[in-house]
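Sharing a structure below in structure tokens format, with a few things to ask.
The values are calculated or read from the model by the stated rules, or taken from the named source; none is laboratory data. All values derive from a computational prediction rather than experimental measurement. Here the Cβ positions follow ideal geometry from the backbone for every residue, glycine too, while neighbour counts run over all protein chains shown.
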Amino acid sequence: MLLNQKYKVYPTEEQKEILERWLQYCRQTYNSALLDKDRKYKQNKENYSRYDMQNQQTLDKKKYPFLKEVPSQPLQEVFVRLQKAFESFFRKDAKYPKQKKYKDYNSMTFPQFGFKPNGIHRYAMSFSDNGKLYNKKLGEIDILLHRPLEGTIKQLIIKRQGKKWYAIFCVERQALPPSIDTNRAIGIDVGLNKYAVLSNGLEIKNPRFLRKKEKQLKKAQRTLSKKKKGSLNYIKQVQKVRSLHEKVANQRRDFLHKLSYNLSKDYSVVAVENLNICGMVRNRKLSKSISDAGWGMFRNMLLYKCEKHGGLLKKVEPKYTSQDCSYCGNRVKKSLSIRTHICTKCGTVLDRDQNAARNILQKALEELLVTN
Ligand SMILES: [Zn+2]
């Protein structure tokens, strides 16, 4: 699938002058090729093709050396544009191509774009080592990559819009693998009281044996704090705490392995929140339960198990997933202690975590269907 990604560029005054001049030469080339085509057709019903135009251009460059200032690829792309204009005319999608005025001709296409590693310059336009746009005659142009460029770059268009300049990259991205079935999708909200709640309402509790072991561990830790440091009893208790710790960790890992296995087997798309676990663990109030619950471990297990089963783990931004109503989108502000979502607009009453899981699922599906 092909997509356009647009970024603002900041040419200097000098670079703008050059770009303006190139645009002007491209526009003149377009207009004169159109005139030639009209004339040849009217005189002898002769078809003047894109290749004829290119041959003419080679001759023109000898006569008018200033044309050589424009990189040859964008100049040749002018004929591709003219050809496309005629094609849409013949398909009755557009009117007969017209002479272009200054304001109508505001972009140039660079059909090949690459990187310029170690100073090797292969394309008319490329990224330099420091991430700026680079052309031999223009030098480096500042570009603001406000979001990452994803996919394989197929071509670049430099465009003037009013007084601003833009770089539009046409990128090719992999479509969803055919094995992905968005009808078999589930959202998961990892909670504090329950381990997780699914978008279909299923609650997953921490297993009883795990809770039991955790209780034993807490008790052992309390006992340890009462013992005299360095005493024989203290050392024995340290060993007891350590072995319980290990058991809890093992049991939790088993539990998460089984849970992630079942989810990845039952569903093609599993949606979770893209939680910043490090940031959350710093929040003291939540810290214990979160680091204990092993969220990061769970997500990693899901990631590779989903892939193994031909599915997909989709992470979404957690913003407003617990606030918004999953039925009507109304924002219902609630503190962490309020466990039920009650929508004042549509009347939905839902467990807080299930509402969040439904929102997580919806966000994931929206993103998947938009980008594919
Ligand atoms: Zn609602």
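Condition first: over 30 Å from residue 148 (Cβ atoms) and either part of a helix (DSSP H, G or I) or at pLDDT 90 or above (or both). Can you find one or more residues in segment 10-17 that meet it?
yes
Given the conditions (1) within 16 Å of the ligand (Cβ to nearest atom); (2) in contact (Cβ under 8 Å) with a residue 24 or more places away in the chain; (3) outside any helix (DSSP H, G or I), and given that residue 354 satisfies all but one, which numbered condition is not satisfied?
Here residue 354 meets the rest and fails (3).
Separate question: For the list (1) hydrophobic (A, V, I, L, M, F, W, C); (2) at pLDDT 90 or above; (3) within 22 Å of residue 195 (Cβ to Cβ); (4) not assigned by TED's automatic domain parsing to the domain that holds residue 319, I need the number of the one condition that residue 249 fails.
So residue 249 meets the others, but not (2).
So is residue 32 part of a helix (DSSP H, G or I), among the hydroxyl-bearing types (Ser, Thr, Tyr) and surrounded by fewer than 14 Cβ atoms within 10 Å (Cβ to Cβ) or not?
For residue 32, the condition - part of a helix (DSSP H, G or I), among the hydroxyl-bearing types (Ser, Thr, Tyr) and surrounded by fewer than 14 Cβ atoms within 10 Å (Cβ to Cβ) - is not met.
Right, here's the next one. State the number of residues belonging to segment 315-349 that are surrounded by 13 or more Cβ atoms within 10 Å (Cβ to Cβ), more than 9 Å from the ligand (Cβ to nearest atom) and within 19 Å of residue 186 (Cβ to Cβ).
Counting residues in segment 315-349 that are surrounded by 13 or more Cβ atoms within 10 Å (Cβ to Cβ), more than 9 Å from the ligand (Cβ to nearest atom) and within 19 Å of residue 186 (Cβ to Cβ) gives 5.
If you don't mind, there's one more thing I want to ask. Whether any residue in segment 87-108 is under 23 Å from the mean Cα position of the chain (by Cα) and part of a strand (DSSP E or B) is what I want to check.
Checked against the condition, which is being under 23 Å from the mean Cα position of the chain (by Cα) and part of a strand (DSSP E or B), segment 87-108 yields no hits at all.
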